[in-house]
Amino acid sequence: MATNPKNKISSSPRKQRRGLHHGDLHKQKRILRSHVADELLDKYNIWSVRVHKGDTVKIMRGGYSGHTAKVTSVDTKKRAVFIEKVTSVKADGKETPRPIHPSNLLVTKLDLTDPWRKKKLEDLSK
């Protein structure tokens, strides 16, 4: 019995990378997830959550590891998170925000001003 080739997910690294860089934005948003701290794990019963503007995160890897601050913006296309006071100095002396991949972050406090997100997390904790 033949299977439909559209239902098959390729394990080819080339096709995986292509899907990562040229895939639909609503699918790429799922990559913007970070692990949560133990307190949030116990409270909401979740391992990871999508990073939003206003969340408080701790950087776990890189030159800024151990730094805790709020997220200022999230770039879905570049899969990057920008955090307060995490900057790079350019050659002309200007400071620009430094992009950090969400896999290198730990969410310590959630921004629950969005009612949809708050309801979704409360439903998961039950």
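Here is a yes/no grid of residues against (1) in contact (Cβ under 8 Å) with a residue 24 or more places away in the chain; (2) of a type outside the set (A, V, I, L, M, F, W, C); (3) part of a strand (DSSP E or B); (4) surrounded by 10 or more Cβ atoms within 10 Å (Cβ to Cβ):
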{"site": "Ile9", "(1), (2), (3), (4)": "no, no, no, no"}
{"site": "Lys43", "(1), (2), (3), (4)": "yes, yes, no, yes"}
{"site": "Lys53", "(1), (2), (3), (4)": "yes, yes, no, yes"}
{"site": "Lys58", "(1), (2), (3), (4)": "yes, yes, yes, yes"}
{"site": "Phe82", "(1), (2), (3), (4)": "no, no, yes, yes"}
{"site": "Lys85", "(1), (2), (3), (4)": "no, yes, no, yes"}
{"site": "Thr96", "(1), (2), (3), (4)": "no, yes, yes, yes"}
### Task
Evaluate the range 61-68: report whether one residue or more is surrounded by 13 or more Cβ atoms within 10 Å (Cβ to Cβ) and either within 15 Å of the chain's Cα centre (by Cα) or within 18 Å of Lys118 (Cβ to Cβ) (or both).
no
### Query
If you check Asp38 against the conditions, is it loosely packed, with under 11 Cβ neighbours inside 10 Å and over 16 Å from the mean Cα position of the chain (by Cα)?
yes
### Query
Would you call Ser103 of a type in the set (Ser, Thr, Tyr), under 22 Å from Lys27 (Cα atoms) and in a strand (DSSP E or B)?
no
### Query
Considering only residues of the range 69-80 that are assigned to a loop (DSSP other than H, G, I, E, B) and touching a residue at least 40 places away in the same chain (Cβ under 8 Å), which is surrounded by the fewest Cβ atoms within 10 Å (Cβ to Cβ)?
Lys77
### Scan of the range 23-40 for residues that are among the charged types (D, E, K, R) and within 30 Å of Ser10 (Cβ to Cβ), ordered by number
Asp24, Lys27, Lys29, Arg30, Arg33
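For every residue, the table says whether it meets (1) in contact with a Cys (Cβ under 7 Å, 6 or more places away or on another chain); (2) at positive phi; (3) not small (Gly, Ala, Ser).
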position	(1), (2), (3)
Leu25	no, no, yes
Trp47	no, no, yes
Gly62	no, yes, no
Arg79	no, yes, yes
Ala91	no, no, no
Leu106	no, no, yes
Asp114	no, no, yes
### Summary
Checked the range 16-41 for anything in a loop (DSSP other than H, G, I, E, B) and either at pLDDT 95 or above or acidic (Asp, Glu) (or both); matches are Asp24, Ala37
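The values are calculated or read from the model by the stated rules, or taken from the named source; none is laboratory data. Keep in mind that what you see is a predicted model, and the values were worked out from it rather than measured. Note that each Cβ is placed from the backbone with ideal geometry, even for glycine, and that neighbours are counted across all protein chains shown.
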